[in-house]
Amino acid sequence: MPDSSLIKRRLVILISGRGSNMQALVQACRDQGWPAEVVAVIASRPDAAGLDWARAQGIAASALHHKEYASREAFDAALAEEIDRHAPDYVILAGFMRVLTPGFVNHFAGRLVNIHPSLLPAFPGLHTHAQALATGVRVHGCTVHFVTPVLDHGPIIAQGCVPVLAGDTPDSLANRVLEVEHRAFPAAVRWLAEGRVTLTPDHRVDVQGDPERLFTWSPAA
Ligand code: GRF
């Protein structure tokens with residue numbers, strides 16, 4: 001019998017760009033000794049800057065260029081095949097800027113996790129920071145959630161909140177939100193890696209030990 005305490009959950013991370021969330025996850029996984037391993041980073045475009053960083057860490061890194069596929073379904077089928085080669089326990093969308101087909105989402109149901117830069121259910125979709133400024137909300141943030149076929153929707157694992165400050169631009173607000181993304185996302189994925197996350201019958205998340213699941217931004221000292 002293998003010692004279950006030695007079993008590491010296999011994580012595949014999907015990115016589309018710089019990959020700062022991916023880096024935060026990889027570093028937290030290593031530094032905090034999670035019972036997990038990031039076994040691959042896969043990008044939706046070959047020029048995603050995060051790929052070079054992942055390769056430099058010795059992580060298998062590859063890209064599928066969505067423009068080379070005739071349809072969304074064809075791209076998603078190829079992506080699912082590439083992911084399955086790594087036999088992941090969880091597939092982590094870390095700034096993966098593609099709408100996924102229901103077929104893809106259902107294939108990875110219960111194993112697919114996303115971070116979205118707003119306090120869902122407010123502001124699904126793109127340009128969330130501009131949307132927040134346009135509506136005048138005083139609180140904004142990020143959400144880590146299981147993925148369902150509905151865009152930017154699904155059982156919430158963790159959230160991070162930040163104030164909207166006078167004079168904010170979409171960029172200044174995005175930078176503040178990113179700081180809490182880099183705290184909320186590693187915490188949530190760590191709970192998954194530790195096998196502490198379950199879904200309740202009414203489609204909500206339960207985390208064993210009941211940790212604080214709201215991460216609050218505060219100005220650097
Ligand atoms: C993050 O704000 C993420 O929430 C959003 O896109 C951004 C990606 O940043 N979906 P990075 O690639 O993780 O640096």
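The values are calculated or read from the model by the stated rules, or taken from the named source; none is laboratory data. Just so it is clear, the structure is predicted and the values come from calculations on it, not from any experiment. Because the Cβ atoms are built from the backbone with ideal geometry, glycine has one as well, and the counts that use them run over all protein chains shown. Side chains included, ligands, DNA and RNA excluded: accessible areas come from the protein's heavy atoms. Shrake-Rupley method; radii C 1.70, N 1.55, O 1.52, S 1.80 Å.
Among Ala122, Ala70, Ala61, the largest mean-square fluctuation in a Gaussian network model of the chain, built with springs joining Cα atoms closer than 10 Å, belongs to Ala70. Principal semi-axes of the equivalent ellipsoid, √(5λ) from the alpha carbon gyration tensor of the stretch 116-221, are 25, 16, 10 Å from largest down. Largest GNM mean-square fluctuation among Leu151, Leu93, Leu173, using the chain with Cα springs under 10 Å: Leu151.
Extension gain, Ala220 to Leu151, is 21.5 nm, computed as 0.36 nm per intervening residue step minus the present C-alpha separation. Computed 3J(HN,Hα) for the stretch 82-87, one whole-Hz value per residue from the Karplus formula 6.51 cos²θ - 1.76 cosθ + 1.60 where θ = phi - 60°, is 5, 5, 4, 4, 9, 6, glycine and proline marked x.
Annotation for Thr198 and Leu126: the two label points, set 7 Å from Cα along the Cα-Cβ direction, are 4.1 nm apart. Accessible surface ranking for Cys161, Cys142, 1.4 angstrom probe, highest first: Cys161, Cys142. Under 5 Å from the amide H of Thr216 lie the amide H atoms of Cys161, each residue being 5 or more positions distant or on a separate chain, with H modelled from the backbone and absent for Pro and chain starts. Normalised size of the stretch 8-108, defined as Cα radius of gyration per 2.2 N^0.38 Å with N residues, equals 1.02.
With n ≥ 4 as the cut-off for DSSP H runs, can you work out [θ] at 222 nm for the chain, using -39500 (n - 2.57) per run divided by the number of residues, rounded to the nearest 500? About -10000 deg cm²/dmol. Ordered from longest to shortest, the equivalent ellipsoid semi-axes for the chain are 26, 22, 18 Å, each the square root of 5 times a Cα gyration tensor eigenvalue. Say we join alpha carbon atoms closer than 10 Å with springs in a Gaussian network model of the chain; which of Ala36, Ala77, Ala28 then has the biggest fluctuation? In the Gaussian network model the winner is Ala77.
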